[in-house]
Amino acid sequence: MSKTIKKVGVLTSGGDSPGMNAAIRSVVRTCAYHNIECAGIYRGYQGMIEGDFIPMGPRTVHNIINKGGTILKSARSKEFMTVEGRKKAHAQLVNAGIDALVVIGGDGSFTGAEIFNKEFNFPVMGIPGTIDNDIFGTSHTLGYDTALNTVVECIDKIRDTASSHNRLFFVEVMGRDAGHIALNAGIGGGAEEVLIPEEELGLERLLESLKKSKAAGKSSSIVVIAEGDKIGKNVFELKDYVEANLPEYEIRVSVLGHMQRGGAPSCFDRVLASRLGVKAVESLLEGKSNFMVGMLSDKVTLTPLLQAIKGESVIDRELLRVSEIMSV
(Lines give C-alpha, C1' and ligand atoms only; values in the text may rest on other atoms or scores of the structure.)
Protein backbone atom coordinates (compact mmCIF):
# COMPACT_ATOMS: atom_id res chain seq x y z
CA MET A 1 0.00 0.00 0.00
CA SER A 2 1.33 3.43 -0.89
CA LYS A 3 1.20 6.02 1.86
CA THR A 4 -1.50 8.67 1.82
CA ILE A 5 -0.23 11.92 0.38
CA LYS A 6 -1.34 15.02 2.24
CA LYS A 7 1.31 17.51 1.14
CA VAL A 8 3.24 17.86 -2.14
CA GLY A 9 6.44 19.83 -2.63
CA VAL A 10 7.24 21.43 -5.98
CA LEU A 11 10.62 22.70 -7.19
CA THR A 12 12.32 23.94 -10.35
CA SER A 13 15.88 22.82 -10.92
CA GLY A 14 18.71 23.21 -13.45
CA GLY A 15 18.04 26.03 -15.91
CA ASP A 16 14.86 28.04 -16.31
CA SER A 17 12.48 27.73 -19.26
CA PRO A 18 9.25 29.49 -20.27
CA GLY A 19 6.28 27.55 -18.92
CA MET A 20 7.82 26.63 -15.56
CA ASN A 21 5.62 29.15 -13.74
CA ALA A 22 2.56 27.80 -15.53
CA ALA A 23 3.55 24.30 -14.35
CA ILE A 24 4.03 25.50 -10.75
CA ARG A 25 0.58 27.09 -10.93
CA SER A 26 -0.92 23.87 -12.24
CA VAL A 27 0.66 21.75 -9.49
CA VAL A 28 -0.48 24.16 -6.76
CA ARG A 29 -4.05 24.43 -8.03
CA THR A 30 -4.39 20.68 -8.63
CA CYS A 31 -3.35 20.12 -5.01
CA ALA A 32 -5.98 22.64 -3.88
CA TYR A 33 -8.60 20.97 -6.08
CA HIS A 34 -7.91 17.66 -4.33
CA ASN A 35 -7.81 19.26 -0.87
CA ILE A 36 -4.15 18.58 -0.16
CA GLU A 37 -1.41 21.04 0.80
CA CYS A 38 1.37 22.26 -1.46
CA ALA A 39 4.78 23.68 -0.56
CA GLY A 40 7.03 25.60 -2.92
CA ILE A 41 10.72 24.78 -2.58
CA TYR A 42 13.01 27.69 -3.42
CA ARG A 43 16.30 27.23 -5.34
CA GLY A 44 15.79 23.60 -6.33
CA TYR A 45 17.63 20.86 -4.45
CA GLN A 46 19.78 23.38 -2.57
CA GLY A 47 16.64 24.93 -1.11
CA MET A 48 15.43 21.44 -0.22
CA ILE A 49 18.62 20.81 1.77
CA GLU A 50 18.23 24.15 3.57
CA GLY A 51 14.48 23.77 4.19
CA ASP A 52 13.65 26.87 2.14
CA PHE A 53 9.93 26.10 1.83
CA ILE A 54 6.84 28.28 1.48
CA PRO A 55 3.15 27.28 1.69
CA MET A 56 1.42 27.77 -1.67
CA GLY A 57 -2.26 28.01 -2.47
CA PRO A 58 -4.41 29.05 -5.44
CA ARG A 59 -4.03 32.78 -4.72
CA THR A 60 -0.22 32.63 -4.35
CA VAL A 61 0.08 31.61 -8.01
CA HIS A 62 -2.28 34.14 -9.58
CA ASN A 63 -0.90 36.14 -12.51
CA ILE A 64 2.13 33.89 -13.07
CA ILE A 65 0.89 31.80 -16.02
CA ASN A 66 2.15 34.48 -18.42
CA LYS A 67 5.56 35.01 -16.81
CA GLY A 68 8.85 33.53 -18.03
CA GLY A 69 11.54 32.21 -15.70
CA THR A 70 10.52 30.62 -12.40
CA ILE A 71 9.18 32.28 -9.26
CA LEU A 72 10.73 29.44 -7.21
CA LYS A 73 14.19 30.27 -8.62
CA SER A 74 16.62 27.68 -9.87
CA ALA A 75 20.06 26.62 -8.66
CA ARG A 76 22.54 23.81 -9.10
CA SER A 77 23.45 21.94 -5.94
CA LYS A 78 26.76 20.10 -5.56
CA GLU A 79 25.75 19.19 -2.02
CA PHE A 80 22.72 17.25 -3.28
CA MET A 81 25.10 15.07 -5.29
CA THR A 82 26.40 13.65 -1.99
CA VAL A 83 24.66 11.09 0.23
CA GLU A 84 24.96 13.49 3.19
CA GLY A 85 23.28 16.28 1.24
CA ARG A 86 20.38 14.06 0.22
CA LYS A 87 19.96 12.87 3.83
CA LYS A 88 19.66 16.50 4.94
CA ALA A 89 17.10 17.15 2.19
CA HIS A 90 15.05 14.11 3.21
CA ALA A 91 15.08 15.17 6.85
CA GLN A 92 13.85 18.66 5.88
CA LEU A 93 10.97 17.20 3.85
CA VAL A 94 9.93 14.86 6.67
CA ASN A 95 10.16 17.71 9.18
CA ALA A 96 7.92 19.88 6.96
CA GLY A 97 5.38 17.07 6.49
CA ILE A 98 5.98 16.89 2.73
CA ASP A 99 5.00 13.44 1.40
CA ALA A 100 5.86 13.69 -2.32
CA LEU A 101 7.81 15.79 -4.81
CA VAL A 102 7.13 17.25 -8.25
CA VAL A 103 10.43 18.14 -9.92
CA ILE A 104 10.32 20.49 -12.92
CA GLY A 105 13.58 20.40 -14.88
CA GLY A 106 15.79 18.44 -17.26
CA ASP A 107 17.73 15.19 -17.15
CA GLY A 108 20.09 16.38 -14.38
CA SER A 109 17.12 17.22 -12.17
CA PHE A 110 15.50 13.88 -13.01
CA THR A 111 18.71 12.01 -12.16
CA GLY A 112 18.66 13.62 -8.70
CA ALA A 113 14.97 12.75 -8.25
CA GLU A 114 15.51 9.15 -9.34
CA ILE A 115 18.41 8.62 -6.91
CA PHE A 116 16.44 10.31 -4.11
CA ASN A 117 13.48 8.01 -4.76
CA LYS A 118 15.70 4.92 -4.62
CA GLU A 119 17.48 5.92 -1.41
CA PHE A 120 14.43 6.99 0.59
CA ASN A 121 11.49 5.39 -1.24
CA PHE A 122 10.17 8.94 -1.54
CA PRO A 123 7.42 9.51 -4.16
CA VAL A 124 8.64 11.72 -7.02
CA MET A 125 7.22 12.84 -10.35
CA GLY A 126 9.10 14.77 -13.06
CA ILE A 127 7.87 17.45 -15.47
CA PRO A 128 10.28 18.16 -18.37
CA GLY A 129 11.32 21.81 -18.47
CA THR A 130 14.07 22.70 -20.98
CA ILE A 131 14.02 24.67 -24.22
CA ASP A 132 16.33 22.11 -25.93
CA ASN A 133 13.52 19.51 -26.20
CA ASP A 134 16.14 16.80 -25.58
CA ILE A 135 14.25 14.59 -23.10
CA PHE A 136 13.13 11.11 -24.13
CA GLY A 137 9.45 10.25 -23.65
CA THR A 138 7.82 13.51 -24.68
CA SER A 139 7.34 15.25 -28.01
CA HIS A 140 7.61 18.66 -26.33
CA THR A 141 9.37 19.92 -23.22
CA LEU A 142 8.25 23.10 -21.45
CA GLY A 143 9.71 26.17 -23.12
CA TYR A 144 10.61 24.56 -26.44
CA ASP A 145 7.70 26.05 -28.39
CA THR A 146 8.31 29.51 -26.90
CA ALA A 147 12.02 29.33 -27.74
CA LEU A 148 11.21 28.36 -31.33
CA ASN A 149 8.94 31.37 -31.72
CA THR A 150 11.59 33.65 -30.23
CA VAL A 151 14.27 32.33 -32.61
CA VAL A 152 12.04 32.62 -35.68
CA GLU A 153 11.17 36.21 -34.74
CA CYS A 154 14.91 37.01 -34.45
CA ILE A 155 15.67 35.32 -37.80
CA ASP A 156 12.91 37.37 -39.47
CA LYS A 157 14.53 40.57 -38.20
CA ILE A 158 18.04 39.46 -39.15
CA ARG A 159 16.79 38.61 -42.66
CA ASP A 160 15.72 42.24 -43.16
CA THR A 161 19.31 43.34 -42.56
CA ALA A 162 20.80 40.44 -44.55
CA SER A 163 18.64 41.34 -47.57
CA SER A 164 19.41 45.04 -47.33
CA HIS A 165 23.19 44.52 -47.30
CA ASN A 166 23.51 41.32 -49.38
CA ARG A 167 25.12 39.54 -46.44
CA LEU A 168 25.45 36.00 -45.17
CA PHE A 169 24.41 35.63 -41.54
CA PHE A 170 25.38 32.79 -39.21
CA VAL A 171 22.76 32.62 -36.45
CA GLU A 172 23.77 30.46 -33.47
CA VAL A 173 20.96 29.03 -31.36
CA MET A 174 20.92 26.90 -28.23
CA GLY A 175 21.22 23.13 -28.52
CA ARG A 176 24.43 21.74 -27.08
CA ASP A 177 23.46 18.11 -27.61
CA ALA A 178 20.32 18.36 -29.73
CA GLY A 179 19.43 20.26 -32.89
CA HIS A 180 15.66 20.50 -32.45
CA ILE A 181 15.62 24.30 -32.10
CA ALA A 182 18.02 24.85 -35.02
CA LEU A 183 16.21 22.47 -37.36
CA ASN A 184 12.66 23.64 -36.70
CA ALA A 185 13.51 27.34 -36.45
CA GLY A 186 15.68 27.01 -39.56
CA ILE A 187 12.73 25.68 -41.54
CA GLY A 188 10.32 28.18 -39.98
CA GLY A 189 12.70 31.07 -40.60
CA GLY A 190 13.54 30.05 -44.16
CA ALA A 191 17.25 29.38 -43.54
CA GLU A 192 19.39 28.26 -46.46
CA GLU A 193 21.30 25.78 -44.31
CA VAL A 194 20.94 24.24 -40.85
CA LEU A 195 23.88 22.80 -38.88
CA ILE A 196 23.04 20.43 -36.01
CA PRO A 197 25.04 18.03 -33.78
CA GLU A 198 23.15 14.97 -35.08
CA GLU A 199 24.08 15.53 -38.73
CA GLU A 200 27.70 16.04 -39.80
CA LEU A 201 27.45 18.39 -42.77
CA GLY A 202 31.20 18.94 -43.16
CA LEU A 203 33.02 22.10 -44.17
CA GLU A 204 33.29 21.24 -47.86
CA ARG A 205 29.60 20.45 -48.18
CA LEU A 206 28.74 23.73 -46.47
CA LEU A 207 30.94 25.62 -48.95
CA GLU A 208 29.29 23.78 -51.85
CA SER A 209 25.84 24.62 -50.52
CA LEU A 210 26.70 28.30 -50.21
CA LYS A 211 28.21 28.33 -53.73
CA LYS A 212 24.98 26.81 -55.06
CA SER A 213 22.93 29.47 -53.26
CA LYS A 214 25.06 32.20 -54.85
CA ALA A 215 24.79 30.58 -58.29
CA ALA A 216 21.02 30.29 -57.88
CA GLY A 217 20.84 34.06 -57.55
CA LYS A 218 20.48 34.38 -53.78
CA SER A 219 21.97 37.72 -52.76
CA SER A 220 21.73 37.00 -49.01
CA SER A 221 21.64 33.83 -46.93
CA ILE A 222 20.98 32.72 -43.38
CA VAL A 223 22.62 29.66 -41.84
CA VAL A 224 21.21 28.49 -38.49
CA ILE A 225 23.76 26.72 -36.30
CA ALA A 226 23.09 24.74 -33.11
CA GLU A 227 25.74 25.59 -30.50
CA GLY A 228 26.67 21.90 -30.26
CA ASP A 229 27.35 21.48 -34.00
CA LYS A 230 30.74 19.86 -34.60
CA ILE A 231 31.58 21.44 -37.97
CA GLY A 232 33.89 24.05 -36.39
CA LYS A 233 35.30 24.80 -32.94
CA ASN A 234 32.90 27.73 -32.70
CA VAL A 235 30.74 29.88 -34.94
CA PHE A 236 33.38 32.62 -35.24
CA GLU A 237 36.05 30.21 -36.48
CA LEU A 238 33.52 28.85 -38.95
CA LYS A 239 32.88 32.41 -40.19
CA ASP A 240 36.64 32.97 -40.71
CA TYR A 241 36.95 29.69 -42.64
CA VAL A 242 34.05 30.45 -44.98
CA GLU A 243 35.25 34.01 -45.59
CA ALA A 244 38.74 32.71 -46.46
CA ASN A 245 37.30 30.23 -48.97
CA LEU A 246 34.40 32.29 -50.30
CA PRO A 247 35.68 35.88 -50.29
CA GLU A 248 32.61 37.04 -52.23
CA TYR A 249 30.57 36.61 -49.04
CA GLU A 250 30.45 39.26 -46.32
CA ILE A 251 29.55 37.35 -43.16
CA ARG A 252 28.04 38.47 -39.86
CA VAL A 253 27.44 36.35 -36.76
CA SER A 254 24.47 36.61 -34.37
CA VAL A 255 24.61 34.51 -31.19
CA LEU A 256 21.08 34.57 -29.78
CA GLY A 257 22.12 33.20 -26.38
CA HIS A 258 19.91 33.42 -23.33
CA MET A 259 17.20 35.54 -24.93
CA GLN A 260 15.88 32.18 -26.18
CA ARG A 261 15.17 31.11 -22.59
CA GLY A 262 13.29 34.23 -21.54
CA GLY A 263 9.98 35.84 -22.33
CA ALA A 264 6.32 35.05 -21.83
CA PRO A 265 5.47 31.42 -22.63
CA SER A 266 3.45 30.71 -25.77
CA CYS A 267 -0.15 29.51 -25.49
CA PHE A 268 1.06 26.01 -26.38
CA ASP A 269 3.54 25.98 -23.48
CA ARG A 270 0.94 27.33 -21.04
CA VAL A 271 -1.55 24.60 -21.99
CA LEU A 272 1.16 21.92 -21.94
CA ALA A 273 2.33 23.03 -18.48
CA SER A 274 -1.25 22.98 -17.18
CA ARG A 275 -1.86 19.45 -18.49
CA LEU A 276 1.42 18.06 -17.18
CA GLY A 277 0.97 19.63 -13.73
CA VAL A 278 -2.46 18.05 -13.31
CA LYS A 279 -1.18 14.64 -14.40
CA ALA A 280 1.86 14.82 -12.10
CA VAL A 281 -0.16 15.49 -8.95
CA GLU A 282 -2.98 13.07 -9.79
CA SER A 283 -0.47 10.31 -10.60
CA LEU A 284 1.13 10.77 -7.18
CA LEU A 285 -2.31 10.59 -5.54
CA GLU A 286 -2.91 7.32 -7.42
CA GLY A 287 0.21 5.87 -5.81
CA LYS A 288 2.46 6.18 -8.85
CA SER A 289 6.06 7.35 -8.45
CA ASN A 290 9.38 7.69 -10.27
CA PHE A 291 7.83 8.73 -13.58
CA MET A 292 8.17 11.70 -15.91
CA VAL A 293 4.96 13.20 -17.21
CA GLY A 294 5.18 13.96 -20.93
CA MET A 295 3.14 14.26 -24.08
CA LEU A 296 3.13 11.85 -27.01
CA SER A 297 0.67 12.10 -29.93
CA ASP A 298 -1.17 14.83 -27.97
CA LYS A 299 -1.82 12.42 -25.08
CA VAL A 300 -0.34 12.95 -21.61
CA THR A 301 1.81 9.92 -20.80
CA LEU A 302 4.08 8.53 -18.08
CA THR A 303 7.65 7.43 -18.78
CA PRO A 304 9.86 5.85 -16.08
CA LEU A 305 12.37 8.48 -14.92
CA LEU A 306 15.35 6.24 -15.65
CA GLN A 307 14.10 5.73 -19.21
CA ALA A 308 13.58 9.48 -19.65
CA ILE A 309 17.16 10.10 -18.45
CA LYS A 310 18.87 7.37 -20.47
CA GLY A 311 16.72 7.35 -23.61
CA GLU A 312 17.81 9.40 -26.61
CA SER A 313 15.71 12.18 -28.09
CA VAL A 314 15.83 11.51 -31.84
CA ILE A 315 15.86 14.17 -34.55
CA ASP A 316 13.07 13.93 -37.14
CA ARG A 317 14.74 12.72 -40.37
CA GLU A 318 11.77 13.88 -42.43
CA LEU A 319 12.39 17.44 -41.21
CA LEU A 320 15.99 17.19 -42.40
CA ARG A 321 14.68 16.27 -45.85
CA VAL A 322 12.19 19.14 -45.77
CA SER A 323 15.00 21.54 -44.82
CA GLU A 324 17.09 20.35 -47.77
CA ILE A 325 14.21 20.75 -50.24
CA MET A 326 13.34 24.23 -48.92
CA SER A 327 16.91 25.48 -49.44
CA VAL A 328 16.72 25.12 -53.25
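The values are calculated or read from the model by the stated rules, or taken from the named source; none is laboratory data. Note that the structure is a prediction, hence the values are computed from the model and not measured. Note that each Cβ is placed from the backbone with ideal geometry, even for glycine, and that neighbours are counted across all protein chains shown. The accessibility values were calculated without ligands, DNA or RNA, using every heavy atom of the protein model including side chains. Shrake-Rupley method; radii C 1.70, N 1.55, O 1.52, S 1.80 Å.
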* Structure fact -> Of the residues in the stretch 7-16, those that are at pLDDT 95 or above and either in contact with a Gly (Cβ under 7 Å, 6 or more places away or on another chain) or of a type in the set (G, A, S) (or both) come to K7, G9, V10, L11, T12
* Of everything in the stretch 186-218 that's of a type in the set (V, I, T) and open to solvent by less than 30 Å² (accessible area, probe 1.4 Å), which residue is farthest from I155 (Cα to Cα)? -> I196
* **Residues of the stretch 47-72 satisfying the condition of being without any contact (Cβ under 8 Å) to a residue 40 or more places away in the chain and open to solvent by 30 Å² or more (accessible area, probe 1.4 Å)** => D52, I54, P55, P58, R59, T60, H62, N63
* Structure fact -> E248 vs (1) at pLDDT 90 or above; (2) of a type in the set (D, E); (3) surrounded by fewer than 14 Cβ atoms within 10 Å (Cβ to Cβ): all pass except (1)
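It is to be established whether one or more residues within the stretch 209-231 are basic (K, R) and in contact (Cβ under 8 Å) with a residue 60 or more places away in the chain. Break it down stepwise before answering.
First pass over the stretch 209-231, keeping only residues basic (K, R): 211-212, 214, 218, 230.
Next, from what is left, pick out any that are in contact (Cβ under 8 Å) with a residue 60 or more places away in the chain: none.
There is no residue in the stretch 209-231 that is basic (K, R) and in contact (Cβ under 8 Å) with a residue 60 or more places away in the chain.
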* Asked: Mind checking whether some residue in the stretch 37-60 is over 25 Å from the mean Cα position of the chain (by Cα), among the acidic types (D, E) and not in a loop (DSSP other than H, G, I, E, B)?
  -> yes
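Kindly establish whether I98 is closer than 15 Å to V10 by Cβ, aliphatic (A, V, I, L, M) and out of contact with any strand residue (DSSP E or B) (no Cβ under 7 Å at 6 or more places or on another chain). Spell out how you get there, then give the answer.
Values: closer than 15 Å to V10 by Cβ: yes; aliphatic (A, V, I, L, M): yes; out of contact with any strand residue (DSSP E or B) (no Cβ under 7 Å at 6 or more places or on another chain): no.
Against the criterion (closer than 15 Å to V10 by Cβ, aliphatic (A, V, I, L, M) and out of contact with any strand residue (DSSP E or B) (no Cβ under 7 Å at 6 or more places or on another chain)), I98 does not qualify.
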* To do: For the stretch 78-92, state whether one or more residues are of a type in the set (K, R) and assigned to a loop (DSSP other than H, G, I, E, B).
  => yes
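Restricting the search to the stretch 110-127, which residues are under 17 Å from G277 (Cα atoms) and in contact with a Phe, Trp or Tyr (Cβ under 8 Å, 6 or more places away or on another chain)?
The answer is V124, M125, G126.
Given the criteria open to solvent by less than 40 Å² (accessible area, probe 1.4 Å), out of contact with any strand residue (DSSP E or B) (no Cβ under 6 Å at 6 or more places or on another chain) and not basic (K, R), does G106 qualify? Spell out how you get there, then give the answer.
Working: open to solvent by less than 40 Å² (accessible area, probe 1.4 Å): yes; out of contact with any strand residue (DSSP E or B) (no Cβ under 6 Å at 6 or more places or on another chain): yes; not basic (K, R): yes.
For G106, the condition - open to solvent by less than 40 Å² (accessible area, probe 1.4 Å), out of contact with any strand residue (DSSP E or B) (no Cβ under 6 Å at 6 or more places or on another chain) and not basic (K, R) - is met.
Do the conditions hold for A191, that is, is it of a type in the set (G, A, S) and within 21 Å of I315 (Cα to Cα)? Walk me through how you get there before you give the answer.
On the way: of a type in the set (G, A, S): yes; within 21 Å of I315 (Cα to Cα): yes.
It is true that A191 is of a type in the set (G, A, S) and within 21 Å of I315 (Cα to Cα).
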* Which condition does A75 not pass, out of (1) open to solvent by 10 Å² or more (accessible area, probe 1.4 Å); (2) free of Cβ contacts under 8 Å to residues at least 40 places away in the same chain, if it passes all the others? -> (2)
* To do: Please state which one of I158, I225 is closer than 30 Å to F136 by Cβ and in contact with a strand residue (DSSP E or B) (Cβ under 7 Å, 6 or more places away or on another chain).
  => I225
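Scan R86, R29 and give me the residue that is over 22 Å from V293 (Cα atoms) and buried (at least 17 other Cβ atoms within 10 Å of the Cβ).
Values: R29 fails: over 22 Å from V293 (Cα atoms).
The match here is R86.
Only one residue in L256, L305 is surrounded by 13 or more Cβ atoms within 10 Å (Cβ to Cβ) and farther than 30 Å from P58 by Cβ, so which one is that? Steps first, please.
Details: L305 fails: farther than 30 Å from P58 by Cβ.
None of the others qualify; the one that does is L256.
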* To do: Identify all residues within the stretch 161-185 that are open to solvent by 50 Å² or more (accessible area, probe 1.4 Å) and farther than 26 Å from S313 by Cβ; write none if there are none.
  => T161, S163, S164, H165, N166
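Please tell me if L238 is under 28 Å from V314 (Cβ atoms) and open to solvent by 30 Å² or more (accessible area, probe 1.4 Å).
Numbers: under 28 Å from V314 (Cβ atoms): yes; open to solvent by 30 Å² or more (accessible area, probe 1.4 Å): no.
It is false that L238 is under 28 Å from V314 (Cβ atoms) and open to solvent by 30 Å² or more (accessible area, probe 1.4 Å).
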* To do: Answer yes if at least one residue in the stretch 120-131 is modelled with pLDDT of 95 or more and surrounded by fewer than 17 Cβ atoms within 10 Å (Cβ to Cβ), and no otherwise.
  => yes
